[in-house]
């Protein structure tokens, strides 16, 4: 995993975004992992944020889930997460 310098605005909100996504929007993380990497895992977790996506951990492996656009603000980050949810809904796994 390559660690990049994260901008201050993203560092300040990372914990809240990660906690919120893992708690309330798990389906989006699951479907995006499947759409981008072909990995089906109901237990995947968002792990670390970057300006052009985020890292998710699945069965002790790290995957980078890429955004369409590089983010320069919290509102742009939120917009990219919403795009993931909408775009990858068709990849949701049955329970």
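What follows is calculated from the coordinates using simple rules that are stated; it is not laboratory data. Not measured: the values here are computed from a predicted model.
Normalised by the residues of the chain, what does the relative contact order come to in percent, with Cα pairs under 8 Å and at least six apart?
Over the chain, the number comes to 29 percent.
Using only Cα atoms, tell me the angle between helix 26-37 and the longest principal axis of the chain; keep it within 0 to 90° and round to the nearest 10.
Orientation of helix 26-37: about 80 degrees from the principal axis.
Roughly how tilted is helix 74-87, in degrees to the nearest 10 and between 0 and 90, from the longest Cα axis of the chain?
Helix 74-87 sits at roughly 20 degrees to that axis.
222 nm [θ] for the chain, helices only, -39500 (n - 2.57) per DSSP H run of 4+, per residue, to 500?
The per-residue figure over the chain is -14500 deg cm²/dmol.
If one takes the longest principal axis of the Cα atoms in the chain, at what angle in degrees, from 0 to 90 and to the nearest 10, does the Cα axis of helix 8-24 lie?
With rounding to tens, the tilt is 20 degrees.
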